[in-house]
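The values are calculated or read from the model by the stated rules, or taken from the named source; none is laboratory data. Because the structure is a prediction, the values reported are computed rather than measured. Glycine gets a Cβ as well: all are built from the backbone with ideal geometry, and neighbour counts include every protein chain shown. Only protein heavy atoms, including side chains, enter the accessible area calculation; ligands, DNA and RNA are left aside. Shrake-Rupley method; radii C 1.70, N 1.55, O 1.52, S 1.80 Å.
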Amino acid sequence: MGTLGKVEIIVLSDPAAVGRHAARLIADTLAGKPDPVLGVATGSSPLATYAELAALVHNGLDLSRASAFALDEYVGLDPAHPEAYHSVIHRTVTVPLGLDPARVHVPNGSAADLRAACADYEAAIEAAGGIDVQLLGIGANGHIGFNEPGSSLGSSTRVKTLAPRTRRDNARFFGGEAEAVPVHCLTQGIGTILRAHSVLLVATGESKAAAVAAMAEGPLGACCPASALQLHERATVVVDEAAASSLRDREYYDFARDNAPEGAFGRD
Ligand code: GLP
């Protein structure tokens, strides 16, 4: 198993295989770092990866000195609300991975001064030495974090307005009511994500196929925020067959995976 960035697009049979592979890539990337820094995402996509990482922790992987930075948070939800990303990250990441809660950071969507909270968040990431590996899902509209279409490709952590489609997609977490989904959020910017030392995007299912194709093969542009990953020299995309089903150049991705040059790292 290699380190992140050796293979650009990895297509695996099913979501369980995606989770296993992504967890192994993260473990390999963080291995040997005295104070590893993991970027974490919410949503359904990374859950299998967290479950596999938890199994690795159970079998001896030590993440007790790891720091974590979440991508985003809703504005105006009490951090104790079960769907506030503070709670979601605690439940799905901090506890199962045995992280020290004092080292787990989520943007403060309840701050009186949201702009200052965003600046503080960027400073905290920098003070930690940057993010070693940023795990990402992808929205059906191509968003990463909560960087909706139209986001600046150079953006830093800031306040954003959610797209109506994202509010509809996330209504399932709020009793099926899109109106109950907050309108605003804080999110790491695309520039923030690009500053991570490596990025790992996971996507599964047919509903992500168009976004995955636009990200990997579409033109680079703000209309598909995830396409910014084309600029990152250590970006790895792990998808299942269904999420890969609209990729045009599948033959090459598989060939490149099976014929990676010795010591390769990064986009060639
Ligand atoms: C959410 C999150 C993103 C996530 C995306 C996809 O709104 N802010 O970080 O990647 O939408 O979610 P899912 O994995 O549940 O499809």
Under a point spin-label approximation (7 Å from Cα along Cα-to-Cβ), what is the Glu206-Asp113 distance to one decimal in nm?
5.1 nm
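How many percent of the accessible area of the chain is carbon or sulfur, using a 1.4 Å probe?
Numbers: 6030 of 11440 Å².
Within the chain, the accessible surface is 53 percent carbon and sulfur.
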Going by a ≥ b ≥ c, the root eigenvalues of the Cα gyration tensor, does region 135-249 fall in the rounded group (a/c under 1.5), the prolate group (a/b larger than b/c) or the oblate group?
oblate
Spacing of the two label points (7 Å from each Cα toward its C-beta) at Asp35 and Cys223, in nm:
4.4 nm
Give, in nm to one decimal, the length gained when the segment between Asp62 and Val159 is fully stretched (0.36 nm per residue of separation minus the Cα-Cα distance).
31.5 nm
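Within the chain, what is the longest stretch that has no trypsin sites (Lys or Arg not before Pro) placed in a DSSP loop and near at most 15 other beta-carbon atoms within 10 Å?
Values: sites that count: Arg65, Arg248, Arg267.
The reported range is 66-247.
Which value, in debye to the nearest 20, gives the size of the charge dipole of the chain about its Cα centre, when Lys and Arg are +1 and Asp and Glu are -1 at the Cβ? Can you show the working numbers first?
Working: 21 positive and 31 negative charges, 45 e Å.
Computed about the Cα centre, the dipole is about 220 debye.
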Name the residue, out of Tyr252, Tyr85, Tyr121, whose mean-square fluctuation peaks in a Gaussian network model built on the chain with Cα pairs under 10 Å.
Tyr252
Would you mind pulling out the separation of the Cα centroids of region 87-108 and region 16-66, in Å?
13 Å
Cβ-Cβ cut-off under 13 Å around Leu61, Lys and Arg +1, Asp and Glu -1: the net charge is 0
Per residue, how large is the accessible surface of the chain? Use a 1.4 angstrom probe and give square angstrom.
43 Å²
Give, as ranges by residue number, the residues of region 112-147 whose backbone N falls under 15 Å from the point 7 Å along Cα→Cβ of His184.
112-119
Structure-based [θ]222 nm, the chain - -39500 (n - 2.57) summed over DSSP H runs of at least 4, per residue, nearest 500:
-8500 deg cm²/dmol
Show the residues, 5+ positions off or on another chain, whose built amide H is closer than 5 Å to the amide H of Ile10.
Val237, Val238, Val239
Taking θ as phi - 60°, what are the ³J(HN,Hα) couplings along region 176-184 by the Karplus curve (6.51, -1.76, 1.60), each to the nearest whole Hz, with x for Gly and Pro?
x, 9, 4, 5, 7, 6, x, 8, 10
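Suppose R0 equals 30 Å. What FRET efficiency, 1/(1 + (r/R0)^6) with r the Cβ-Cβ distance, do Arg257 and Arg168 give to the nearest 0.05? Could the numbers behind the result be given before it?
Working: r = 35 Å, r/R0 = 1.17.
Efficiency for this residue pair is about 0.30.
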List the residues of region 150-169 whose backbone N lies under 15 Å from a point placed 7 Å from the Cα of Glu126 along the Cα-to-Cβ direction.
155-158
